[in-house]
Amino acid sequence: MKFSQLFIPTLRETPAEAEAISHILMLRAGYVRQLAAGLYIYLPLAWRAMKRINAIIKEEMDAIGAQEISMPGLHPAEIWEKTGRWGEIGDEMFRLKDRGGRDMCLGMTHEEIITWLASMEIRSYRDLPQMWYQIQTKFRDEARPKSGILRTREFIMKDSYSFDRDEKGLEESYQKHAEAYHRIFQRCGLAFYQVESDPGMMGGATAHEFMAPSPAGEDTIVICDKCGYAANVELALSIPVGATPCGCTGQAQGPAPTEDIATPDKRTVAEVSAFLEADPSCFIKSLVLIGPEGPFLALVRGDQELHEKKLQRIIGAFRAAQKDEVKEILGVGAGFIGPHNHKLKKIADISLKGGAYISGANKEGFHTRGIKPGSHFVAEWHDIHVAKGGDGCSQCGAALREENVIEIGNIFKLGTKYSQPLRAVYLDENGEEKTIVMGSYGIGPARIAAAAVEQNNDSDGIIWPLSIAPFDVEIVVLSGDDKELADTAGRIYRELQDEKFEVLMDDRDERPGVKFKDADLLGVPCQIIIGKKALKEGLVEFKIRKTKETVRIAPSDTVARIKELYGRV
RNA sequence: CGGGGCGUAGCGCAGUUUGGUAGCGCGCACGGUUCGGGACCGUGAGGUCGGAGGUUCAAAUCCUCUCGCCCCGACCA
């Protein structure tokens, strides 16, 4: 296509509202425009990239036997009420009423709808398994849309759902998806990890996320380079490195006595640690929490953070105790609480096993030194700290690495969470009614695009992976009024098109500098520069955007060079 | 939802402290000169200063309310 006929509104300056690199570049290069918070218009270039991403997704989904369908974006509330999510999901769901006053919502996902379909149509084990998918718009009234296209309130998602007779079938569907996802992200040219993730509200036991490393990512994962363990910190297990020896008397053999030390007005770990000149890892942080069965104490090492989700999975919903509640329960103010000398239920982090520690003395203005877990207090032991880089891997002990990532896809084993309430059942060979076992699998194509830009750019602009670039080649014609240049450009343009390459030809009446700058900004993987300099010698220039490497070649060699670049020889 | 920041021409910004009737750069239009890394000269178009109310002879500027956008946190199928 000709540049002069395409709408590519490039910007010389960076719009003030953009922060993330992908956001800045997509605005500057004329890919997207913002309509409102979390709502974006995809201009021709962005839409071309999206179409290529979607094409790859479709090919790989089709390859595992998934069938493309399309479901409405507008849903009746009734179905969401049946699964309980109408009530469970809060402000994140866009809700409205139709003219008849019926409650409706804009779909944030399609488990309910597709399960309804399955419940209506699937009768027999002979109908199973099935895998259905769509690439369609989702609506979520995000509390905080951010980073351009990365977190929006309306977005396109590839969502697929598997229907199987049993867990074994689900496992197969799940693995097929995992493999398809690997191929998809690989083909899209992304660096990515598959990590263990928290099934969260989706229910079900197993879930993985596909994560593209990027500083702009809002998720954090830990990775073990030795054994391959990789998990979202939302659930990652780890072994914090050992506590710094602090000369506590309790380090000695046997149940040594504890010692109370005056620590007036020193309440936080940081304060007491500074006051006593002891490393934070020598402390036990004692948090008074109110759980379903009343107050209890959560204990983590002074240098660790309590992981609320982990704790919640163990004890159920809980909240922090108010200041006056703390006083009522233990008779001492927050800041001087310790795990010893009382019978309150305790859940302690595994990092506290062994050693001796300092903690609140349970009397105002004092801390106790030499507390030995196990002998000075009894607790239930769990991993309830937040895993972080440097911790030991829970599988092999090697050091974990921490990385920020963009979630580009996820796969969930749903089990019967939706098929049961919606009565999606089938009859097996024995005529027995069984509940369909489901899986749910998502990919965010816009996040693939954004992640690709985040991972591939330089100070001049975007550098698209070959597979998802809006164009394969950009022909930069310097001085558009020169007939010889235009003829050469036109010839190459046609030859490339005949070979089914997507070609962008910059035929604008612009100065060379502007064309070079725009070409680099747009990020088409390679450029054919046609200018008088080289053409005098009968040559054109072939430039790789990524490396800026430029070679002079005969115009007649252009197609061959580009075929070679694209591996089509 | 809590904390912070910002709304002035299409974009980036100054002007707000100390009220006096809106400016710079880029872009845009036209003419001319240029033409291998975002050219130059000249002419010109373009603004309810986010909105509402108030104070004042006079409000972009002061006061009150409100809307929007961005960032941090909480939240996040």
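The values are calculated or read from the model by the stated rules, or taken from the named source; none is laboratory data. Quick caveat, the model's predicted, so the values are computed rather than measured. No Cβ is skipped: glycine too gets one built from the backbone with ideal geometry, and neighbour counts run over all protein chains shown. Areas reflect the complete protein model, heavy atoms only, side chains present, ligands, DNA and RNA absent. Shrake-Rupley method; radii C 1.70, N 1.55, O 1.52, S 1.80 Å.
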- request: Sort A:364-370, A:426-432 for me by packing, meaning the mean count of neighbouring Cβ atoms within 10 Å per residue, highest on top.
  value: A:364-370, A:426-432
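Work out, step by step, the length gained on full extension between residue A:364 and residue A:270: first 0.36 nm times the residue separation, then minus their alpha carbon distance; give nm to one decimal. Present the calculation step by step, with values, prior to reporting the outcome.
Numbers: separation 94, 0.36 × 94 = 33.84 nm, distance 1.76 nm.
Full extension of this stretch gives 32.1 nm more.
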message: From Cα pairs below 8 angstrom and at least 6 apart in sequence, can you work out the relative contact order of the range A:1-140, rounded to a whole percent?
response: 20
- line: Between the Cα axis of helix A:111-121 and the main Cα principal axis of chain A, the angle (0 to 90°, nearest 10) is 80
- prompt: Could you give the nm distance between label points at residue A:191 and residue A:378, where each point is 7 Å from its Cα heading toward the beta carbon?
  reply: 5.1
field: Accessible area (Å², per residue) of chain A, counting only protein heavy atoms and a probe of 1.4 Å
entry: 45
- request: Take the Cα atoms of the range A:471-565, build their convex hull, and give its volume per residue in Å³.
  value: 83
message: Greater than 32 Å separation of Cα atoms is the criterion. Which listed pairs, A:176/A:417; A:138/A:563; A:97/A:323; A:285/A:417; A:138/A:548, meet it?
response: A:138/A:563; A:97/A:323; A:285/A:417; A:138/A:548
field: Contact order normalised by residue count of the range A:249-382, Cα under 8 Å, 6+ apart, percent
entry: 31
- request: Quote to one decimal, in nm, the extra length available between residue A:33 and residue A:102 on full extension: 0.36 nm per residue of separation minus the C-alpha distance between them.
  value: 21.4 nm
- prompt: Taking K and R as +1 and D and E as -1, what net charge do the other residues with C-beta under 9 Å from the C-beta of residue A:238 add up to?
  reply: -1
message: Please list, by residue number, everything in the range A:372-408 whose backbone N is under 18 Å from a paramagnetic label point 7 Å out along Cα→Cβ of residue A:225.
response: A:388-405
Sorted peptide list for A:177-190, A:442-455, criterion being average Cβ within 10 angstrom, highest first: A:442-455, A:177-190
message: If the reach is capped at under 16 angstrom between alpha carbons, list the lysines near residue A:483, excluding any in the same chain fewer than eight residues apart.
response: A:532, A:533, A:536
field: Contact order relative to length of chain A, as percent, for alpha carbon pairs under 8 angstrom and 6 or more apart
entry: 17
- prompt: So what is the calculated 222 nm ellipticity per residue for chain A, using -39500 (n - 2.57) for each DSSP H run with n of 4 or more, over all residues, to the nearest 500 deg cm²/dmol?
  reply: -7500 deg cm²/dmol
message: Can you give me the angle between helix A:445-455 and the longest principal axis of chain A, using Cα atoms only, in degrees from 0 to 90, rounded to the nearest 10?
response: 90
task: Considering only DSSP beta bridges where both residues belong to chain A, give the percentage that are antiparallel (nearest 5).
output: 80
Selected from A:467, A:430, A:241, residue furthest toward positive end of dipole (chain A; charges at beta carbon): A:467
query: At a 1.4 Å probe radius, carbon and sulfur cover how many percent of the accessible area of the range A:45-186?
result: 48
- line: Two pseudo-spin positions, 7 Å from Cα along C-beta at residue A:427 and at residue A:486, lie apart in nanometres by 7.5
- prompt: Under the Kirkwood approximation applied to all pairs of distinct alpha-carbon atoms, what is the hydrodynamic radius of the range A:266-327 in Å?
  reply: 12.7
field: Isotropic mean projected area of the C-alpha convex hull, chain A (nm²)
entry: 34.7
query: Carbon and sulfur atoms: what percent of the 1.4 Å accessible area of the range A:471-565 do they account for?
result: 47
- prompt: Of the peptides A:499-511, A:103-115, how do they stack up when ordered by the mean number of other Cβ atoms within 10 Å, highest first?
  reply: A:103-115, A:499-511
message: What is the percent carbon and sulfur in the accessible area of the range A:249-382, measuring with a 1.4 Å probe over the protein chains and ignoring ligands?
response: 51
field: Projected label distance in nm at residue A:550 and residue A:121, using a 7 Å step from Cα toward the beta-carbon
entry: 5.6
query: Within a Cβ distance under 12 Å of residue A:182, other residues only, what is the Lys/Arg minus Asp/Glu net charge?
result: +1
